[in-house]
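The values are calculated or read from the model by the stated rules, or taken from the named source; none is laboratory data. Fair warning: this is a prediction, and the values are worked out from it, not measured in the lab. Please note: Cβ atoms are built from the backbone with ideal geometry, for glycine as well, and neighbour counts cover all protein chains shown. We work out accessible area using only protein heavy atoms, side chains counted, and drop any ligands, DNA or RNA first. Shrake-Rupley method; radii C 1.70, N 1.55, O 1.52, S 1.80 Å.
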Amino acid sequence: MLTGPTKAKAGRGKSGLISTFWLRRMPCGSRSLILPQNGAQTVRQDWHERFAETPDVLKSELLQQTVVPVLDLEIGGGEFITMAGPCSVETEFQLMATANHVRRAGARILRGGAFKPRSSPYAFQGHGLEGLKMLARARQESGLAIVTEVMSEDDVSLVAEYADILQIGTRNMENYALLEAAARSGRPILLKRGMVATIADLLRSAQLILDNGNPNVILCERGIRTFETATRNTFDIAAIALLKQISHLPVIADPSHAAGHRDLVPVLARVAVAAGADGLLVEVHPNPDKAWSDGEQSLDFAGFDEMMADLDPWMALRERVRSLPARALPLRPLLEPRSMEAVG
Ligand code: PEP
Ligand code: MN
């Protein structure tokens, strides 16, 4: 664990807030870091104008942070929440072993796909109902809450029976019929950013869920398509920083789908903490080389333990930043009701 800085004067700007990233050697040889404060309490007027179509997802005087309750947990409530598990639910042994391991290493939520969106329609599509039942047994055994993807509006009530959080995958972020059905299930929704979706597109989908009576939306940055092909996607850190600044919804980072390579996952996880994310979604498998999907980006158990241990000092910094006094600038009042515009 890191110790506190000996002097706090450096790095404070005119506002009195810590504004610079500091790394220096302590006399005893331990290192001390100070992160920039994130998640400003104000939303600049021009952001309000840019995202005027989705006013309810933006911070306001009335709502600065949504806290999503999931079993005995709160997402967005201060505790950094790690969701971990295999890409696909494969076997009882695979799932139980992973659940027990990630719980011991500090994860609070078990992930695993029972309905899998795949690039090829001939690849493994998931176990469906059998997979959901395995997830429910894993919850019972481990005490972890369950997040799993729903791909079709026809499956929403079935998946909602077994899952604590419904995941909307990147390929379905703009499937509005699915979003409406998922919203009406009453379950919290983990809304993954579409691989070619802008931040405005993501917020529009979140707004639709709110409009359908479900306030429990968790945004997820999982990387976007760019010209870069060395990584599976391009991890949009700025999106995390911006979303934390303008939206009251919790933001989760998925470094696994962003990177596509397991050796990059721990560093992207670290960056996500520094950017202000409320938690992580990480793929973990007992034997990644034998995984039925996304093995290349899945951590094995030792890799997950290492990642979690590496995050420790960053968690301590996160706590310190969170304890700084909030900015005393006034918030812009709520906007008048928006006018609906036709969008393509
Ligand atoms: C997943 O979480 O396994 C998944 C398929 O994610 P995405 O929709 O982001 O590709
Ligand atoms: Mn996956």
Item checked: Overall dimensions of segment 204-245 by Cα: Rg and Dmax, Å -> 13.3, 41
Notebook entry, point to check: Across every pair of different alpha-carbon atoms, what Kirkwood hydrodynamic radius in Å does segment 50-102 reach?
Noted result: 14.4 Å
Checklist line | Rg/Rh (Cα only; Kirkwood hydrodynamic radius) as it applies to segment 107-161 | finding: 0.99
Next item on the list: List the residues whose amide H sits under 5 Å from the amide H of Val282, counting only those 5 or more places along or on another chain, with H placed 1.01 Å from N in the peptide plane.
Entry: Met83, Ala84, Gly85
Notebook entry, point to check: Nearest 0.05, what FRET efficiency do Ser323 and Gln45 give at R0 = 35 Å with Cβ-Cβ as r?
Noted result: 0.75
Check: In segment 187-235, carbon and sulfur make up what percent of the accessible area (probe 1.4 Å)?
Finding: 56 percent
Notebook entry, point to check: Once the Cα gyration tensor of segment 225-334 is diagonalised, what are the square roots of 5 times its eigenvalues, in whole Å and ordered largest first, as equivalent ellipsoid semi-axes?
Noted result: 30, 17, 10
Next item on the list: First measure r as the distance between the Cβ atoms of Glu92 and Ala177, then evaluate 1/(1 + (r/R0)^6) with R0 = 25 Å and state the FRET efficiency to the nearest 0.05.
Entry: 0.15
Note to self: Can you tell me the mean projection area, over all orientations, of the convex hull of segment 215-273's alpha carbons? Units nm², please.
What the structure shows: 4.2 nm²
Check: Taking a probe of 1.4 Å, how large is the accessible area per residue of segment 124-180, in Å²?
Finding: 39 Å²
Notebook entry, point to check: What's the center-to-center distance, using Cα atoms, between segment 69-96 and segment 130-187 in Å?
Noted result: 13 Å
Checklist line | Among the listed pairs Lys192/Lys244; Lys116/Lys192; Lys244/Lys290, those beyond 25 Å (Cα-Cα) | finding: Lys244/Lys290
Next item on the list: Starting from the Cα of Ser120, step 7 Å toward the Cβ, then list every residue of segment 290-322 with an amide N under 17 Å from that point.
Entry: 290-296
Item checked: Theoretical FRET efficiency, 1/(1+(r/R0)^6), r = Cβ-Cβ of Gln64 and Leu129, R0 30 Å, to 0.05 -> 0.15
Check: Binned at 10 Å from 0, what are the whole-percent values of the Cα-Cα distance distribution for segment 158-212, short to long?
Finding: 27, 58, 15, 1
